[in-house]
1. Is the chain rounded, prolate or oblate when judged by the Cα gyration tensor, a ≥ b ≥ c being the square roots of its eigenvalues, rounded requiring a/c under 1.5 and prolate requiring a/b larger than b/c?
2. Between 0 and 90 degrees, rounded to the nearest ten: what's the tilt of helix 112-144 against the longest Cα principal axis of the chain?
3. Between the helical axis of 8-32 and the dominant principal axis of the chain, each derived from Cα atoms, what acute angle in degrees is found, rounded to the nearest 10?
4. Order of Ser82, Ser148 from fewest to most other C-beta atoms within 10 Å?
5. Given only helices, namely DSSP H runs of n ≥ 4 each adding -39500 (n - 2.57), what is the per-residue ellipticity at 222 nm of the chain, to the nearest 500 deg cm²/dmol?
6. Please build a GNM for the chain, connecting alpha carbons under 10 Å apart, and tell me which residue among Lys77, Lys129, Lys146 fluctuates the most.
7. What are the ³J(HN,Hα) couplings of the stretch 183-191, residue after residue, when phi is run through the Karplus curve with 6.51, -1.76, 1.60 and θ = phi - 60°? Round to Hz, x for glycine and proline.
8. On a 0 to 90° scale, report how tilted helix 43-53 is relative to the longest principal axis of the chain, with both axes built from alpha carbons and the result rounded to the nearest 10.
Amino acid sequence: MFYFDWTIILVIAGIFITAVASGKLKNTYARYARVHAQCGLTGCEVAKRILAANGINGVVVNMTEGELTDHYDPSSKVVNLSSAIYQDTSIASISVAAHECGHAIQDNLEYRPLRFRSSLVPIVNFGSKLAFPMILIGIALGLFLKASFMGRTFITIGIVAFSLAVLFQIVTLPVEYNASKRALQQLEGLGILAGGEDAQADAVLKAAALTYVAAAASSLLQLLRLIIIFRNND
Ligand SMILES: [Zn+2]
């Protein structure tokens, strides 16, 4: 069985796209982490100001460990900011802090795509654990036990489980873009950004969003590969 599995190109393309997006984010982040915003507010202060301006009183702003670990947790109502974002007054810090508040605003307004995304979390966690073991069991059944029907069933379940993970990443995209849009609106509306700074904040937010697009594209390519292999080995 010496043949070239051309579908591996899809995986390599995915890895390449992901690496380019994450490299771009790191560069953009490093660049604007050095540019101090004229307002002189830290990420934490900006977050608190945005939450207050939107009448969101039940959400706390916390400092969390790690780098670029910033996220909003809808279940505990916490805006988690990494130490650099929390403490610094850079364009990168206030942009990321505002983005996470964008998610808190979505949650407060019961924004549907966020709700839908949150409802997918338990299924996706289960599905992504299940996907590859199912596919491997399916292949093993087909190869060693000649149980082709059982094998096909397991592989199909595995691919469906993986599709759920891909769906989750696709649903994430409008949620992320919308949070960034809200972030810019808040930063501009509350007069936090000075002239020319909005383009810089936009660059940080766009670079961050691009990593989600790359992740979704990469997963989609992997799914495509699984389907092609499965159909070829019918
Ligand atoms: Zn986000």
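1. prolate
2. 30 degrees
3. Taking Cα atoms only, the helix is inclined about 10 degrees.
4. Fewest-to-most ranking of Ser82, Ser148: Ser148, Ser82.
5. That calculation yields -25500 deg cm²/dmol at 222 nm.
6. Result: Lys146 has the largest fluctuation of those listed.
7. 4, 5, 4, 5, 4, 6, x, 8, x
8. 80 degrees
Throughout, read-outs are computed from the coordinates displayed, never taken from laboratory work. Here the structure is a predicted model, which is why all the values come from computation and not from measurement. Cβ: placed from backbone, ideal geometry, glycine included. Neighbour counts: every protein chain shown.
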